[in-house]
Amino acid sequence: MKYYDQNVQHIWHLGDGIVKNKIKELRKKMGFTQEKLATECGVVRQTINAIENDKYDPTLNLAFKIANKLKTKVDDLFIYE
């Protein structure tokens, strides 16, 4: 099991699968800019950008904040493949 944990998403490698996210899709659907979502979650815009582009894994705390702001569950935001 290999994963990176700071404030944004590379891709979590869990066994043979990977975890992807639907942040960009849901963010746009909700009418959030990266800047607005970042401010709401207490991070900088670059953090949200890095998560969306699979460059950084969010901490569990940040994952829950993002899911909350996007009115979804962490399970629905991050998909294990």
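No value in this document is a laboratory result; all are computed from the given coordinates. Quick caveat: nothing in here was measured; it's all calculated off a predicted structure. Every residue, glycine as well, gets a Cβ built from its backbone with ideal geometry; the counts of neighbours run over all protein chains shown.
Could you check the stretch 38-64 and list, in sequence order, the residues that are in a helix (DSSP H, G or I), more than 12 Å from Asn21 (Cβ to Cβ) and touching a Leu at 6+ places or on another chain (Cβ under 9 Å)? Can you show your working first?
Here is the first cut: in the stretch 38-64, the ones in a helix (DSSP H, G or I) are 38-41, 45-52, 60-64.
Subset that is more than 12 Å from Asn21 (Cβ to Cβ): 38-41, 45-47, 49, 60-61, 64.
Scanning the stretch 38-64 gives Cys41, Arg45, Thr47.
Looking at (1) touching a residue at least 12 places away in the same chain (Cβ under 8 Å); (2) touching a helix residue (DSSP H, G or I) at 6+ places or on another chain (Cβ under 9 Å); (3) closer than 17 Å to Val19 by Cα, which is the only condition Ala67 fails?
Tallying (1) touching a residue at least 12 places away in the same chain (Cβ under 8 Å); (2) touching a helix residue (DSSP H, G or I) at 6+ places or on another chain (Cβ under 9 Å); (3) closer than 17 Å to Val19 by Cα, Ala67 fails exactly one: (1).
Evaluate the following for Glu35: is it surrounded by 14 or more Cβ atoms within 10 Å (Cβ to Cβ) and either closer than 15 Å to Asn21 by Cα or not basic (Lys, Arg) (or both)?
no
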